[in-house]
Amino acid sequence: MAGCVIIVEGKTDKERLLKILAEPVTILCTYGTYSAERGEELLLQAQDADEIYLFTDEDFSGKKLRAHLMEDFPRAIHLHTQKMYGEVANTPLPILAEILDRAGLSVNTEHLELD
């Protein structure tokens with residue numbers, strides 16, 4: 001897998017990002033938990049990626065998960081939602097589009113009003 005990988009916590013996060021991404025991106029889910037086995041799976045899935053992004057929630061569990069992911073992906077680029085939204089899934093699409101755009105990812109602004 002070459003290209004870009006974004007690691008998120010859950011399926012809802014993945015679905016929201018796919019709504020607005022305008023380029024092929026592989027989105028991997030941790031499903032909110034982390035173990036050595038899951039870390040190895042993610043490493044294998046992302047091993048050929050040119051860029052890896054970590055986009056976890058801004059709550060306690062999201063920050064804890066990010067800390068584990070940072071150990072396995074030390075060169076990953078960190079994306080953060082605003083604290084007021086807490087979770088990627090609760091972040092309005094226009095804000096998500098802005099975060100992704102600032103990171104250099106192509107976004108599709110066509111569906112932003114559907115949020």
Review point. What's the carbon and sulfur percent of the chain's accessible surface, probe 1.4 angstrom, rounded to a whole number?
Key: 50 percent
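How large, in Å, is the range 36-80 by the Kirkwood hydrodynamic radius built from its alpha-carbon pairs?
Numbers: mean 1/r = 0.0919 Å⁻¹.
Computed over the range 36-80, the radius equals 10.9 Å.
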Revision key, fill the gap. Comparing Gly62, Gly86, Gly104 in a Gaussian network model of the chain (Cα, 10 Å), the one with the largest mean-square fluctuation is Gly104
Point to revise | GNM top mover of Ala36, Ala97, Ala46 - the chain, alpha-carbon springs below 10 Å | key: Ala36
Revision key, fill the gap. Heavy-atom accessible area per residue of the chain, all protein chains kept, 1.4 Å probe, expressed in Å², is 55 Å²
Revision key, fill the gap. Relative to the chain, whose Cα atoms define the longest principal axis, helix 93-102 and its Cα axis are tilted in degrees, nearest 10, by 60 degrees
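Classify the range 62-115 as rounded, prolate or oblate from the Cα gyration tensor: take a ≥ b ≥ c as the square roots of its eigenvalues, call it rounded if a/c is under 1.5, otherwise prolate when a/b beats b/c and oblate if not.
On the way: a/c = 3.24, a/b = 1.63, b/c = 1.98.
Judged from the Cα gyration tensor, the range 62-115 comes out oblate (a/c at least 1.5, b/c at or above a/b).
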Practice item. Return a whole-number percent for the relative contact order of the chain, with Cα pairs under 8 Å and 6 or more residues apart as the contact set. Key: 30 percent
Review point. To the nearest 10 degrees, how steep is helix 36-46 against the longest Cα principal axis of the chain, on a 0 to 90 scale?
Key: 60 degrees
Check your understanding: Given springs between every Cα pair under 10 Å in a Gaussian network model of the chain, which of Leu44, Leu17, Leu79 has the largest fluctuation?
Key -> Leu44
Practice item. Between the alpha-carbon centers of the range 52-113 and the range 11-28, tell me the distance in whole angstrom. Key: 11 Å
Review point. Which of (i) 22, 17, 11; (ii) 41, 16, 11; (iii) 37, 13, 10 is the computed semi-axes √(5λ) of the Cα gyration tensor in Å for the structure on display?
Key: (i)
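The values are calculated or read from the model by the stated rules, or taken from the named source; none is laboratory data. Here the structure is a predicted model, which is why all the values come from computation and not from measurement. These area figures cover heavy atoms from the full protein model, side chains too; ligands, DNA and RNA do not enter into them. Shrake-Rupley method; radii C 1.70, N 1.55, O 1.52, S 1.80 Å.
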